[in-house]
Amino acid sequence: MSEMTITDTSTSGSSSVKRVPASLRMLPFLVALASPLILDNISWNPFAGWKIVVGFILLIGVGKFAWSTAERDPDDPRLALKLWHRPDQRALTAMTCLALVAVPFVLGTDFDPPMDFPWASWFRIVNYIILFALGAGAFNLLAGYTGQLSMAHAAFLMIGTMVGAHVGLIWGQSFWLCLPIAAVAGAALGALFGIPALRLRGLYLMLATIGVHFIVLLGWKEYLVHYFGFGGVRFNPPNLPSWLHWVPGINPEDGEFLINTQFRWFWVNLTITTICLLFLVNVIRSREGRAFAAVRDRDISATLLGINVARSKLVAFALSSAMVSVSGCLLSYYNRARSEDSFNLEQVLDYGIIIVVGGFMGIQGAIFGSVFFFALPMYFEWMREELPFISDIDFFSRYAGEVDLAIRGILVVVVLVWRPDGLAGLWQSAKNRVLRQFQNSQTGAAQ
Amino acid sequence: MEILASTFFDFGINVQLVVSGLALGAIYAVVALGFVLVEKSTAVLNLAVGEFLMLGSYFGVAFFMERQTNFFVGTIVITAVMALFGLVIHYGIMRPMVGQGFFAIVLATIGIATVIRAVVQMRFGPLEKGNLTALPTGTIEVAGTNIRWVDIIVLLVVAASVAGFLAFYSLTRTGLHMRAVASNIEAAAGVGIDPDRAYALTWAMAIGIAGLGGVMLGHFTPSVNPALAAIGLRAFPAAAIGGFTSVGGSIIGGLIVGVIEQLAGGHLGTKWREPVAFGILFLVLIFKPTGLFGQKDLERV
């Protein structure tokens, strides 16, 4: 693949300049994203014989293709501003795209791993990981990037749920209309509840937002009892709008296509989460995002740089709250049932654990953190039930939930004491080490 | 929400609410005291205060309910064990984490809280236990209203131990060292005070006091259950009214929050208790961030 049509404009004797046409640069990602079409048409059990080999070849090929089509120009500063410009970034992104679109097909097979390792139940876990990554990413924008510790996170999950319930069930509108309305309502209320941040900082802001949490919690309980009674609210599965029925893979029955299986939810969750997280990543890379970081580091020096600190704080609150209430609306529709005690302060702390264990300062950390948070209990459950020696210990099966809780607590403390930059930091340093060895071996081969 | 005009000005009911509010407030004061002590001297926001309190209550179950220990012996042993636990937390977790960010340390305390909750449920099971009955249970009639003996004893025990602590903190040499480290660690180290020892003592005392509060709470509540840990959040409004840095102020703040909460719960309905308590927190932080007794020279804006 390295003999592709790459226009090498070696200007001024510098051989490190490489230009690639835009269509070719996009191609590996399009191949990765289009693979569901192929996957949907053949019965894709990757563990059946030769197909696992084909899958790996496809994965490596897409990665290598993306790597070889990276542009290189030390004199062009605009290149460094692009989201994925280095070869390793491009390769990893393309491979992640392919792996992500393959996940539902691979999990949808009736593959039965040895030792009763759970297979189909991972679907639920994957969906939760995606949804919590969105909420944790938004939380990280506020707490990590802008340095405004807010405990009103669950309050915005409630606001998103209330908007979803009111627009979707009481007004009878489409689910797809709930999401933008939830975003707008979240942004407006976020800017309102962000006003204490103009006066308070750190611990004091955190405690004031605990007050916000309990006030919204009272509103949520009153709302629920008033409109839905004490039994809580049940959401209907959303219906895909008919103008999207042309999309391959969508086979509407009786003219409607309900999002009611884990497989269909996966695509909805993945699309919305990807759009929102890419939006946040781009905000962070913009002037607004750099202003957030300046406010976090020192708000007085941010003022001297010409940053309107009050505006930055309110924009951060509004953005984060909008994303959180979108994720609250999605989570409620995905969960289907919400009751009075669905939202508590511990949920905020769960998100806190996700971002600190994952890595405090990046969207990447939110993703790593939610994988940690949801995948680990699943592994523990399996180990407890199936692994020899461990399954014999009566204590573990008797106190299953408590053991999970204790292990999670211990792991949080261990990660914090041992690796303060979280799993994302661990991943970065591991990646850098591999890359350095790779480059060393390449230069060694050239000499 | 309906305000019952008939009970709103009823003297007897109000006295009853105020007395039980004072007893509840005394427990809040103990929680807030442990919280403010740690926050002031080691700059750690301890979100596990509620779990320490719950642990104290369950120790009470183990001693008084299962072993029928004498009340005084049991209380002293529980306080001592909890103080030792505080030392373990200081040397095992907090000291290696010095220099890390504010939020990371907060989450470490949440990790501790998770482990405590899990261990308590493993040992005692998820079902709730009845309340502790090592104290006399009857009521006494004062000015035409029935007041529980437990309320009065809880108030007195807490008052006595808090007075003892404040005397230690402000009169003895070790207490002086602790205050010096809390107010300026570099200057204290410069004149030869060992900050590490002062921190360790602070943790031990804060958690020992939380254990004592847990024993009292176990007598006060209708049942001992894992949900008792939620009471730890009440340390925040109490500490905010007291001004976060004032150890004495947190006690008065705790009493105020307890009384207001009982009055709101009694007159407006129990679902108003939390919003009222945290609404106070919100308003105090917005309009008077230094609280009633806080230092004004701290950088806050």
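Every number in this text was worked out from the coordinates using simple rules, so none of it is lab data. All figures in this text were calculated on a predicted structure; none of them were measured in a lab. Reconstructed Cβ throughout: ideal geometry from the backbone, glycine too, with neighbour counts over all protein chains shown.
Run through region B:125-230 and list the GluC sites (Glu not before Pro) located in a DSSP loop whose Cβ has at most 15 other Cβ atoms within 10 Å. Can you show the working numbers first?
Values: sites: B:E128, B:E141, B:E186; in loops: B:E128.
Sites meeting the loop and neighbour criteria: B:E128.
Distances between placed amide hydrogens fall under 5 Å for B:T245 paired with B:Q295, all partners being 5 or more residues away or on another chain. When all alpha carbon pairs of region B:57-172 are counted in 5 Å bins from zero, the resulting P(r) reads 2, 8, 12, 16, 16, 16, 14, 8, 4, 2, 1, 0 %. Sequentially through region A:195-202, phi angles give Karplus couplings (6.51, -1.76, 1.60; θ = phi - 60°) of 4, x, 5, 6, 10, 10, 9, x Hz, Gly and Pro residues having no value and appearing as x.
Quarter the surface of the alpha carbon convex hull of region B:21-66 and you get the mean projected area, 3.8 square nanometres.
For A:K82, a cut-off of 12 angstrom between C-alpha atoms picks up these aspartates and glutamates, skipping any fewer than 8 places away in its own chain: A:E71. Dipole orientation for region A:247-406: of the candidates A:I250, A:I393, A:I284, A:I284 has the Cα lying most toward the positive pole (charges on Cβ; Lys, Arg +1; Asp, Glu -1). Using alpha carbon centroids, what distance separates region A:295-330 and region B:137-176, in Å? A separation of 46 Å, based on Cα centres.
Looking at the square roots a ≥ b ≥ c of the eigenvalues of the Cα gyration tensor of region A:365-447, which shape do they give, rounded for a/c under 1.5, prolate if a/b is larger than b/c, or oblate? Walk me through the intermediate numbers first.
Details: a/c = 3.68, a/b = 2.21, b/c = 1.66.
Prolate.
With respect to chain B, whose longest principal axis is taken over its alpha-carbon atoms, helix B:273-287 is tilted by about 50°. How large is log10 of I(q)/I(0) for region B:166-301 at q = 0.14, 0.19, 0.22 Å⁻¹ when the intensity is taken from the Debye formula with one equal scatterer per alpha-carbon? Calculated log10 I(q)/I(0) at the listed q: -0.79, -1.20, -1.35. With only the Cα atoms considered, chain B has a convex hull volume of 143 Å³ per residue.
Enclosing the Cα atoms of region A:322-388 in their convex hull gives a volume equal to 127 cubic angstrom per residue.
Region A:151-221 and region B:183-242 have Cα centres spaced 32 Å apart. The charge dipole of chain A, taken about the Cα centre with unit charges on the Cβ atoms of Lys, Arg (+1) and Asp, Glu (-1), comes to about 1620 debye, rounded to the nearest 20.
Distances longer than 50 Å among the Cα atoms of the protein assembly as shown: what percent of all pairs is that? Each step should come with its number before you reach the end.
Numbers: 61316 of 279378 pairs.
Value for the protein assembly as shown (Cα pairs over 50 Å): 22 percent.
Here region B:216-255 was treated as a single set of alpha-carbon atoms; its pair distances binned every 10 Å from 0 give 30, 40, 28, 2 percent. Maximal additional length on extending the B:W149-B:S223 stretch stands at 24.9 nm, based on 0.36 nm per residue less the C-alpha distance. Here chain A is described by how far its Cα atoms reach on the three principal axes: 73, 61, 54 Å, from widest to narrowest. When the distances between all Cα atoms of region B:110-181 are binned every 10 Å from zero, what whole-number percent does each bin get? All Cα pairs considered, the percentages come to 15, 20, 26, 29, 9.
What helices does chain A hold that run 24 Å or longer along their axis, going by alpha-carbon atoms, with a Kyte-Doolittle average of -1.0 or more, using DSSP H for the helix calls?
The qualifying helices are A:22-41, A:50-68, A:87-108, A:122-140, A:175-193, A:203-228, A:262-285, A:309-335, A:363-386, A:400-418, A:422-446.
The aspartates and glutamates whose alpha-carbon is closer than 19 Å to the alpha-carbon of B:K271, local same-chain residues fewer than 8 away aside, are A:E222, A:E340, A:D341, A:E346, B:E2, B:E261. Greater than 24 Å separation of Cα atoms is the criterion. Which listed pairs, A:K221/A:K313; A:K18/A:K64; A:K64/A:K431, meet it? Pairs exceeding 24 Å: A:K221/A:K313. For trypsin sites (Lys or Arg not before Pro), the sites in region A:224-331 that DSSP calls loop and that have at most 15 other Cβ atoms within 10 Å are A:R298. The translational diffusion coefficient of region B:144-205, from Stokes-Einstein at 10 °C and 1.306 mPa s with a Kirkwood hydrodynamic radius over alpha carbon pairs, comes to 117 µm²/s. For region A:143-210, applying the loop criterion from DSSP together with a ceiling of 14 other beta carbons within 10 Å to the chymotrypsin sites (Phe, Trp or Tyr not before Pro) yields A:W171. Considering region B:194-248 at the alpha-carbon level, its Rg and Dmax are found to be 13.8, 44 Å. Amide H contacts under 5 Å for B:V224: B:K129, B:G130, B:N131, restricted to partners 5 or more places along the chain or on a different chain, H placed in the peptide plane at 1.01 Å from N.
In chain B, the longest principal axis of the Cα atoms and the axis of helix B:173-183 are about 80 degrees apart.
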